[in-house]
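Input: a single structure, listed below in structure tokens.
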Amino acid sequence: MGDPGTKDRLTLEELEASGSIRTGRKHILSILVENKPGVLTRVAGLFARRGFNIDTLSVGPTDDDHVSRITITLDGANHPIDQVTKQLHKLINVLKIRDLEPSETVARELALFKIAADGTQRAEIMQICEIFRGKVVDVTKRSIIIEITGTTEKVEAFERMVRPFGLVEMMRTGEIAIARGRGET
Amino acid sequence: MRAVEAVMECLKAEGVEVVFGLPGGANIPTYDALYDGGIRHILVRHEAGGGHAAEGYAKATGKVGVSLGTSGPGATNLVTPIMDAMMDSVPVVFITGQVKTELLGTDGFQEADVIGITMPAVKHSIMIQHPNEIPRALHEAFHIARTGRPGPVVVDIPTDLSRVDIPYEPITDVHLPGYQTFTEGNAKQIRQAAKALAAARRPVIYGGGGIINSNAAAEFTEFCRTDRFPVTCTLMGLGAYPAPDPQWLGMLGMHGTRAANYAMDEADLICCIGARFDDRITGKLSEFAPRAKFIHVDVDPAEISKNIPAHIPIVGDAKNVLVKLIAEYRALDTEAHRLDEWWQRIDGWQKQYPIEKSFTDSEDTEIKPQRLIQAVYEATGGDAIITSDVGQHQMWTAQHYPFKAPRQWINSGGLGTMGFGLPAAMGAAIGCPDKTVVCITGDGSFQMNTQELATCAQEGIPVKVIISNNGYLGMVRQWQELFWEKRYSNVDLGRFPDFVKLAEAYGCHGVRLTDKTTLVDDLKAAIATPGPVVVDVSVTREENTYPMISPGAAARDMVG
Ligand SMILES: Cc1ncc(C[n+]2csc(CCOP(=O)(O)OP(=O)(O)O)c2C)c(N)n1
């Protein structure tokens, strides 16, 4: 039997107060997994079940056919991260986990922005794009699509700059990351 | 040979003697192989019964249990035993039939995504995609179920794949690059732990089901006796230390003894071995053992510092760690009388609040449920394997039947699954044919898997079911009484069914007991009756389980 409670009503405030909403630093977990069906579901399911919030997630092949890499960024105080990695290690298909040290990691994501742009605004948007070393990948009479790669912070900064022009759509891949130096990630 | 014949070979190679299950369309091939495959099969009447029987077998013997079900409803009926095995770390391999591969993903007849449904409930699961994978997958399943922190593994075999001829060669190694177990325990940490124990003035040893799983009861007992350490165990750990005993404080937690809970509350050092600081142990986490430092030994690294930060974490198998800890502790100089004061305090609690005083016996012939458990203890000489269901009777059994040996006490702790008791007793009786196996159940729980009486009758499995019959879903009634102003909503079961007639209808022997004065003798007679027996014992209707830490309260605020 779970918590029986009492007949007294719980207030929403009490509920919120009992929940521990954690805001620690950002973590990038680089997870090597066996390339088998259902592995992503196992990883994602574990996060959901244990109440760990994923900010971004990207999955791709590695140089070994049997192994894929999942890169997950999440926000957490240290304690839950420790639980996250320990619980992940218990998944049989998870081969290796690295909680990448931000200062020793190169992390990048790719984002596509579709911005409303008629003649008068286009020049200004393209100027911003240049400052961010973005690429114009498509232009129509009323819109422009720009590709940006960089850290999450850079992508977010770009978003703030172009939002006032009218952001029609935005897509982001989520970060992938690699450790600096010669060692393997 | 056909893949299903390879399945039989693998099971035999793993030492499997018996499997529990029920056939259906998708696993007929497996059943065809079982027909003359040389493995005993117990035909249960519901897959959940088979799953729990496999758990009971595993818990009683320490071997891996095996449970079979067909696709769709057969597999979904196994979900509760799978989760139960996960929560209590029971090694069971579940082999489910699946629709043929061309139907997968089409909502075919009796298709259920059992891998998806059970994902949060398994230690691991394997969907067979090629018939040649079957032998390796099965050996991997047994290896994973049995090693490290044991648990359930599901192997799902599409029916067409199980009919293919495959090249079979015995497999002697498994290769799982992503699976590591940490069993040795760090020597430095163990030394630290020994030193901390030697310095402690108010230590408590808190043992759990991990000791049973690791077959470390003897080492645990020896370790506790390297000094006069006070010992308590969780519900799952009962039997790890022989009770009663001068160092034994009784069970801890929600319905534990005052001595055990108060000792935890005042301890300066708590040495936890194979337990996990579950909320039923800690009560209000922020007020749990406020003065204590913690040594935490567990084979699962994720348990350490999950709920309570450990000062000395030791990842390892309980047995290995205990052997080293004993040696380290013995090598230290310890002050002979440093625990005297602590024992004086504990003795005070034990004298003031013995568990025998947690209820008052009736003045007439009415049977108090606690008295019933004491009578079962007397009638069995304290030596039976006892399984229980979930509710008040479970807690009373834990309190009033002092378990002497590991694997003597089999119950559903983590999931609290009503309906566990009878099938688990069945599995235990098959695993330990020389032992008396008694299932102590409630009139509510018993009705959740009663159909297995037919299995017992047909197979001649001599379990003795003792129903603590209060006509209520007693534990829920207790909570409604204590916390919900006695508004008894939907907990009255009346006096239905007539369990004696029911037992007889199933081909078992049935008796009803109502008189406490002849209780022990009547129980002895019932237990001595050959074959499966159901003893319906009328007990006090509204009796509460005490003492109790109210949910969310602190240990020192125990009531009752
Ligand atoms: C499958 C399941 N459903 C519901 C519960 C909630 N529950 C916990 S104890 C209990 C009452 C059990 O009644 P009974 O078996 O008669 O035992 P008693 O408490 O009366 O000894 C219930 C309904 C449960 N643990 N398991």
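The values are calculated or read from the model by the stated rules, or taken from the named source; none is laboratory data. Quick caveat: nothing in here was measured; it's all calculated off a predicted structure. So basically every Cβ, Gly included, is an ideal-geometry build from the backbone, and we count neighbours across all protein chains shown.
Give the residues of the stretch B:274-323 that are under 21 Å from B:Q180 (Cβ atoms) and away from chain A (no Cβ under 14 Å), sorted by residue number.
Of the stretch B:274-323, the ones under 21 Å from B:Q180 (Cβ atoms) are B:274, B:276, B:296-306, B:310, B:313-321.
Within the stretch B:274-323, B:G274, B:V297, B:I314, B:G316, B:D317, B:A318, B:K319, B:N320, B:V321 meet the criteria.
Can you pull out the residues in the stretch B:528-560 that are within 14 Å of the ligand (Cβ to nearest atom) and not hydroxyl-bearing (S, T, Y)? Across the stretch B:528-560, the qualifying residues are B:D536, B:V537, B:V539, B:R541, B:E542, B:E543, B:N544, B:M548, B:P551.
Of the residues making up the stretch B:371-415, those that are within 11 Å of the ligand (Cβ to nearest atom) and either among the hydroxyl-bearing types (S, T, Y) or surrounded by fewer than 20 Cβ atoms within 10 Å (Cβ to Cβ) (or both) are B:S388, B:T397, B:S412, B:L415.
Only one residue in B:A525, B:A503, B:A454 is within 24 Å of the chain's Cα centre (by Cα), away from every other protein chain (no Cβ under 14 Å), more than 16 Å from the ligand (Cβ to nearest atom) and part of a helix (DSSP H, G or I). Which one? Explain how you work it out, then say what you get.
Working: B:A525 fails: within 24 Å of the chain's Cα centre (by Cα); B:A503 fails: within 24 Å of the chain's Cα centre (by Cα).
Exactly one of B:A525, B:A503, B:A454 is within 24 Å of the chain's Cα centre (by Cα), away from every other protein chain (no Cβ under 14 Å), more than 16 Å from the ligand (Cβ to nearest atom) and part of a helix (DSSP H, G or I), namely B:A454.
B:D84 meets the stated requirement of being under 24 Å from the mean Cα position of the chain (by Cα), assigned by TED's automatic domain parsing to the domain that holds B:V19, among the charged types (D, E, K, R) and not in a strand (DSSP E or B).
For the stretch A:92-150, which positions are part of a loop (DSSP other than H, G, I, E, B) and either surrounded by fewer than 17 Cβ atoms within 10 Å (Cβ to Cβ) or small (G, A, S) (or both)? Listed by number, the residues that qualify are A:E101, A:A117, A:D118, A:R133, A:G134, A:T140, A:K141, A:R142.
Can B:I166 be described as surrounded by 18 or more Cβ atoms within 10 Å (Cβ to Cβ) and more than 10 Å from chain A (Cβ to nearest Cβ)? Reasoning before the result, please.
Details: surrounded by 18 or more Cβ atoms within 10 Å (Cβ to Cβ): yes; more than 10 Å from chain A (Cβ to nearest Cβ): yes.
So B:I166 passes the test.
Considering only the stretch B:437-448, I want to know if a residue exists there that is of a type outside the set (D, E), within 16 Å of the ligand (Cβ to nearest atom), on the phi > 0 side of the Ramachandran plot and in contact with a Gly (Cβ under 6 Å, 6 or more places away or on another chain). No. Going through the stretch B:457-469 one residue at a time, which ones are over 30 Å from B:Y488 (Cα atoms) and within 15 Å of the ligand (Cβ to nearest atom)? None; the set is empty. Does A:V59 satisfy the criteria of being at pLDDT 85 or above, under 30 Å from B:M83 (Cα atoms), within 14 Å of chain B (Cβ to nearest Cβ) and surrounded by 12 or more Cβ atoms within 10 Å (Cβ to Cβ)? For A:V59, the condition - at pLDDT 85 or above, under 30 Å from B:M83 (Cα atoms), within 14 Å of chain B (Cβ to nearest Cβ) and surrounded by 12 or more Cβ atoms within 10 Å (Cβ to Cβ) - is not met.
Quick check on B:E9: is it surrounded by fewer than 19 Cβ atoms within 10 Å (Cβ to Cβ), assigned to a helix (DSSP H, G or I) and away from the ligand (no atom under 16 Å from the Cβ)? Spelling it out, it is not the case that B:E9 is surrounded by fewer than 19 Cβ atoms within 10 Å (Cβ to Cβ), assigned to a helix (DSSP H, G or I) and away from the ligand (no atom under 16 Å from the Cβ). Got at least one residue in the stretch A:72-80 being surrounded by 13 or more Cβ atoms within 10 Å (Cβ to Cβ), over 18 Å from the mean Cα position of the chain (by Cα) and not in a loop (DSSP other than H, G, I, E, B)? Yes, there is a match, as at least one residue in the stretch A:72-80 is surrounded by 13 or more Cβ atoms within 10 Å (Cβ to Cβ), over 18 Å from the mean Cα position of the chain (by Cα) and not in a loop (DSSP other than H, G, I, E, B). For the structure I just gave you, tell me whether B:Y472 is within 16 Å of the ligand (Cβ to nearest atom) and without any contact (Cβ under 8 Å) to a residue 40 or more places away in the chain. No; evaluated as a whole, the condition is false for this residue. Among the residues that make up the stretch A:48-65, is at least one of them under 22 Å from B:Q180 (Cα atoms), assigned to a strand (DSSP E or B) and not assigned by TED's automatic domain parsing to the domain that holds A:G150? No, the stretch A:48-65 contains no residue that is under 22 Å from B:Q180 (Cα atoms), assigned to a strand (DSSP E or B) and not assigned by TED's automatic domain parsing to the domain that holds A:G150.
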